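Taking it in order: structure first as structure tokens, then the write-up.
Coordinate-derived values only; no laboratory data. These numbers were taken from a predicted model, which means no experiment stands behind them. Cβ placement follows ideal geometry from the backbone for every residue including glycine, while neighbour counts extend to all protein chains displayed.
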Amino acid sequence: MNGKRIAVLEARLGRQLAELVTQRGGVPFHAPALAELPDLDPAKIAALLQAMEQRLPKLAVFQTGVGTRALFGATDGLGLTARFLALLEKAIVVVRGPKPTGALRARRVRIDREAADPYTTHEVLEAIGDFPLAGERVLVQRYGAVNVELDRALESRGAEVVEIPTYRWSLPQDTKPLAELIGALERREMDAAVFTNAEQVRNLFLVAQNIQKTVALRDGLNATLVASIGPVASAALREAQVKVSVEARPPKLGALLNALDAALSA
């Protein structure tokens, strides 16, 4: 990466990503744009499992690895994991990608359908396109925000959608690094910006709005190389009128870094 300055907005794996940028010769500017906050209510989980035992779900859709592990952590604490696993045995289990797949296999859960690469809502819906859902209950493991597109698509087919919140996304408690990044982009001090989640885009622009720098942020991003982890993050960038220079294929960190490295070296 030849000493290029690269903004890293990833939070959970941000330090590791920054280290990988350094190993490739880049100079990372780490500005976490997302906080993941626990959103599990044990009493509600217990009540939901009881309700599902009375009326079984036809489908159970798992969207993220971290959320799946958090859900099982909650059932472990309640002593309800065996009952939850028994419910899943009677449902069609659908996964959005490799991360929830790994989390479920660690619990020896049978997986019936897997979304294809690049693991977006579109591929989830394609994976379950042949199931009749009218009048059926569908369990959805929520990630950081409600997947409105998925819920509406399922409801349009007559399903009753029951979401299990596991964690929620928020602005980080300290937004000063984001404000500093906006200033650096305005001054054209960044060579690239790496987005690994659509919510990072929204949060960065929210901070810019709060400091009256929305136009400066958009112009600054469009004057640099913007790298996206995949189609969902890219859609959020385009919605913010930001040009996506590089999109990882497949949507993984290794592919993202390789694509970024190649683009910066060109």
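Tell me, what is the percent relative contact order of the chain, built from C-alpha pairs under 8 Å that lie six or more residues apart? Rounded, it is 21 percent for the chain.
Qualifying GluC sites (Glu not before Pro) in the range 46-119, where qualification requires a DSSP coil assignment and no more than 14 other C-beta atoms within 10 Å, are lacking entirely. Given a cut-off of under 8 Å on Cα pairs at least six residues apart, what relative contact order in percent is computed for the range 132-266? With pairs under 8 Å counted, the relative contact order is 18 percent. Based on DSSP H segments of at least four residues, each scored -39500 (n - 2.57), the chain has a per-residue ellipticity at 222 nm of -14000 deg cm²/dmol.
Please compute the Kirkwood hydrodynamic radius over the range 146-188, one decimal place, Å, based on all pairs of different Cα atoms.
13.9 Å
Kirkwood hydrodynamic radius of the range 38-169, from the reciprocal of the average inverse Cα-Cα distance over all distinct pairs: 14.6 Å.
Between Gln173 and Gln23, full extension at 0.36 nm per residue minus the direct alpha carbon distance yields a gain of 51.1 nm. What residue among Ala82, Ala159, Ala227 has the largest mean-square fluctuation in a Gaussian network model of the chain, using Cα springs under 10 Å? Result for the chain, Cα springs under 10 Å: Ala82 fluctuates most.
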